[in-house]
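The values are calculated or read from the model by the stated rules, or taken from the named source; none is laboratory data. In this text, all values refer to a predicted model and were calculated from it rather than measured experimentally. No Cβ is skipped: glycine too gets one built from the backbone with ideal geometry, and neighbour counts run over all protein chains shown.
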Amino acid sequence: MPRIERTADVTWDGNVARGEGSVTGETGAFTALPFSLPSRIGAAQGKTSPEELLAAAHAGCFTMSLANELSSDGTPPGHLDVRCTIVMDEVPDQGHQIVGSNIVVRVEAEGAPEDALSAVIERAHASCPFSTLLTNAGVEVTIERG
């Protein structure tokens with residue numbers, strides 16, 4: 001696989017407490033997604049946050065890894081549902097940190113033996129670059145079947 005680079009641009013106006021920003025993907029796949037501190041730590045009010053974007057990235061990466069592992073086993077997925085929740089909390093003497101990434105996955109793959117799915121999911125976790133990044137950073141990554 002070739003080296004992959006993707007870019008996003010952020011604009012911000014004002015101070016952190018009352019300011020607002022937006023994030024745009026260079027590809028044009030998303031544009032001017034608004035975010036702010038109040039929407040980050042309170043009610044989202046239709047705005048995103050860095051944590052939500054990280055959750056989307058981890059879920060997307062894990063889903064592709066899982067589809068690959070299932071296909072490699074000869075049981076390509078018919079349908080996958082993956083939900084990722086990123087947890088940020090205050091860590092003593094370190095401030096706010098990402099401490100968890102919790103994935104819930106539902107798998108529909110005809111012919112995939114039920115008892116083998118746990119091993120396939122674990123291989124998908126091990127081959128997912130975002131899982132690796134988070135795990136190496138000390139984040140607890142949990143995966144459960146829903």
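One residue stands out in the range 101-133 among those that are in contact with a helix residue (DSSP H, G or I) (Cβ under 7 Å, 6 or more places away or on another chain) and aliphatic (A, V, I, L, M): the one that is nearest to Gly74 (Cα to Cα), namely Ala112. Candidates in the range 58-71 are the residues that are more than 19 Å from Ile98 (Cα to Cα) and not β-branched (Val, Ile, Thr); of these, the one that is surrounded by the most Cβ atoms within 10 Å (Cβ to Cβ) is Leu66.
The selection criterion, being part of a loop (DSSP other than H, G, I, E, B), surrounded by 15 or more Cβ atoms within 10 Å (Cβ to Cβ) and β-branched (Val, Ile, Thr), holds for Thr75.
Here Asp89 fits the description: under 30 Å from Trp12 (Cα atoms) and not polar (S, T, N, Q). Any residue that is surrounded by 13 or more Cβ atoms within 10 Å (Cβ to Cβ), within 30 Å of Thr142 (Cβ to Cβ) and basic (Lys, Arg) - is there at least one of those in the range 47-57? For the range 47-57, residues surrounded by 13 or more Cβ atoms within 10 Å (Cβ to Cβ), within 30 Å of Thr142 (Cβ to Cβ) and basic (Lys, Arg): present. With a requirement of 3 or more residues that are of a type in the set (Asp, Glu), the strands (runs of 3 or more DSSP E) lying completely within the range 79-146 that satisfy it span 79-91.
Looking only at the range 84-129, residues that are within 12 Å of Phe62 (Cβ to Cβ), in contact with a strand residue (DSSP E or B) (Cβ under 6 Å, 6 or more places away or on another chain) and either among the polar types (S, T, N, Q) or outside the structural domain of Glu69 (by TED's automatic domain parsing) (or both) come to 2 in all. Count of the range 38-62 residues, restricted to those that are of a type outside the set (D, E, K, R), modelled with pLDDT under 95 and under 17 Å from Ile86 (Cα atoms), is 5.
When the range 5-32 is filtered for residues that are among the hydrophobic types (A, V, I, L, M, F, W, C), in a strand (DSSP E or B) and more than 19 Å from Phe130 (Cβ to Cβ), the ones remaining, listed by number, are Val10, Trp12.
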